[in-house]
1. If you take the residues of region 173-222 that are open to solvent by less than 60 Å² (accessible area, probe 1.4 Å) and of a type in the set (G, A, S), which of them is farthest from Y265 (Cα to Cα)?
2. Could you go through region 273-286 and let me know if any residue there is under 23 Å from V372 (Cα atoms), in contact (Cβ under 8 Å) with a residue 60 or more places away in the chain and open to solvent by 20 Å² or more (accessible area, probe 1.4 Å).
3. In region 360-378, what residues are in contact with a helix residue (DSSP H, G or I) (Cβ under 9 Å, 6 or more places away or on another chain) and assigned to a strand (DSSP E or B)?
4. What about P169, is it at pLDDT 95 or above, open to solvent by 30 Å² or more (accessible area, probe 1.4 Å) and part of a loop (DSSP other than H, G, I, E, B)?
5. Got a number for residues in region 373-388 being open to solvent by 50 Å² or more (accessible area, probe 1.4 Å) and farther than 20 Å from C302 by Cα?
6. Does region 18-41 contain any residue that is closer than 28 Å to D154 by Cβ, modelled with pLDDT of 75 or more and assigned to a loop (DSSP other than H, G, I, E, B)?
7. Quick one: in region 281-323, of everything that is among the charged types (D, E, K, R) and modelled with pLDDT of 85 or more, which residue is farthest from D174 (Cα to Cα)?
8. Scan region 360-372 for residues that are modelled with pLDDT of 95 or more and open to solvent by less than 40 Å² (accessible area, probe 1.4 Å) and report the count.
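The values are calculated or read from the model by the stated rules, or taken from the named source; none is laboratory data. All of these numbers come straight from a predicted model, not from anything done at the bench. Glycine gets a Cβ as well: all are built from the backbone with ideal geometry, and neighbour counts include every protein chain shown. Protein only, heavy atoms only, side chains kept; ligands, DNA and RNA dropped before computing areas. Shrake-Rupley method; radii C 1.70, N 1.55, O 1.52, S 1.80 Å.
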Amino acid sequence: MAEHKLLWLLLVYVTVHCCSASNFRTARQTAPSIFTLGNGEQCLGTDRSTGGVCLSRSQCNTQGGKAIGFCGVFGTCCSLNACDIRTNTKVALFINPPLNRESSGLECSYNVEINNNNVCQMRIDFETFNLAPPTTVEPVENVTQRPGYTCRNDIFEIANLQANSDLLPPLCGDNNGQHLYVRVNASTNSRAIRINFKIADRNSQPNLPQATWKIKVTQLECFNTLGKYRDGIFEAITSSLPSTPLASSADRDEYLIAPPGCLQYYPDRAGYFESFNYNRGAGPYIANLVYATCFRRTSDVCGVKLTSASFEVASRDNGNLYLDTDCEVNPVTQGLPQSEDYLFIPQASTADGLRGSKFCGSSASNQIIASVPPGPLYVHFHSDNLVTDEVNESGYRFSYNVLNNCYLKGSF
C-alpha cells in the first residue's frame with residue numbers, strides 16, 4: 001500500500017513539473033500547467049494583451065497587484081502595476097502605474113526578497129524601459145567642456161538592502177531590451193534588493209517624455225554542495241531519471257548564471273548588445289559607467305566575433321587611430337581634462353589587421369573585430385564625467401557570434 005501511495009505521489013510530481021517548468025536553457029517561457037498555483041510564471045490577462053505573473057489570489061493582493069485573468073485552475077494572472085510592492089516569487093513582473101501630469105513626480109519602489117537559500121543572482125530584464133534621457137548642463141560661451149550626461153530627471157536605481165557594496169549605476173533614457181544582473185547571497189544576509197524609480201514632475205517639465213517601464217526579475221539558483229538532493233525527497237527519488245523535465249531549479253537556471261563581475265551576460269551563441277541609452281543611435285551614453293558585458297564560453301568556444309552596427313565614443317586624442325593610448329590619459333602626464341571613454345575588447349584584432357584593446361572615437365565603426373582572449377569572453381565599457389562640444393557620444397551597438405575556430409583565415 002505504501003509503495004502504491006509513493007508511486008502515486010511521484011506521478012503527480014512528474015506531471016506538475018513536466019507541464020509547468022520553465023525551459024531556462026532556451027530562455028523561453030512555457031505555458032503554465034493547469035495545476036499552476038502561484039509559481040511566478042508570466043501570463044496574459046483575459047484581454048490577451050496585458051501581461052502579468054501567475055500568483056495565488058492572496059499573493060496578488062499582498063503585493064498590491066490586480067487580478068487580470070486566470071492561469072491554470074487555481075492561479076490568478078496578476079498585474080503588478082502598483083508601487084511599494086514586496087515579493088519573493090521566482091519570477092516577478094513590475095509595470096509602471098498609470099502616469100499623467102498629475103501623478104508624475106512620484107517614486108516607485110519594489111522590494112524583491114530571495115525565494116530560497118539557493119538563489120545567488122537576480123537577472124533584471126527591461127522588457128520596456130523609457131525614462132527621461134540623461135542630461136548635461138547648458139553650454140557656456142567659450143567653454144567647450146561640460147560635465148558628462150547623467151540621470152538628473154527620471155532615475156532608475158538598484159540597491160542591495162543588506163550588502164551596499166553592490167551599488168549599481170543609475171540608469172535612465174531608452175533601455176528597451178537591456179538587462180543587468182545583481183548578486184545576492186543568503187549566507188551574508190544579502191537576501192533582498194530594492195528597485196527604485198524616481199520620476200520627475202511633468203507639470204514643471206512638460207517637455208519630458210512619458211515614463212513607462214515593464215521589468216522582469218528572475219531569481220537564479222546556483223548549485224550547493226548537496227547537488228540534486230538539496231530540494232527534498234522527490235529530488236532524491238528522481239535523481240537517477242533524465243534531468244529534463246525533472247531537473248531542479250538550479251539545473252534549469254545554470255544556463256543563465258552570469259560569471260562573477262558581469263553586469264550583463266549573453267549566454268546564447270549569437271545576438272547583439274548595445275550601450276545603455278543607445279536610443280537607436282541617438283544616445284547619449286551615460287557618464288561614470290564602468291561595467292563588463294560577458295558572453296558564454298563553452299568548451300568548444302575560443303573567442304567572439306563582434307560586428308559593429310554603430311560606434312561613436314569620445315576620445316582623448318583625435319590625431320591617431322583612436323586606439324589604446326588615444327582613449328585613456330596616462331596619470332603621469334595628466335593635465336587638462338581629457339576624455340577617457342572607451343570600450344575595452346581584450347586581444348582584439350580587426351578584419352583588416354588592426355590590433356588594439358581600447359577602442360574610442362570611431363575606431364570600431366564599420367569593423368568586424370575578433371577577440372580571442374585566454375580567459376573569459378567579455379568587453380568592458382568605461383565612461384568619464386566629461387563631454388566636449390561637437391564630440392559625438394551616441395554609443396555603440398554590436399552583433400556578436402561566438403567562435404569555435406579562431407585560427408582559420410576567414411573565421412571573421
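1. Among those residues, the one meeting the criterion is A200.
2. yes
3. Listed by number, the list holds a single entry, G361.
4. Against the criterion (at pLDDT 95 or above, open to solvent by 30 Å² or more (accessible area, probe 1.4 Å) and part of a loop (DSSP other than H, G, I, E, B)), P169 does not qualify.
5. Counting residues in region 373-388 that are open to solvent by 50 Å² or more (accessible area, probe 1.4 Å) and farther than 20 Å from C302 by Cα gives 1.
6. no
7. Here the residue is D300.
8. Total satisfying the criteria: 3.
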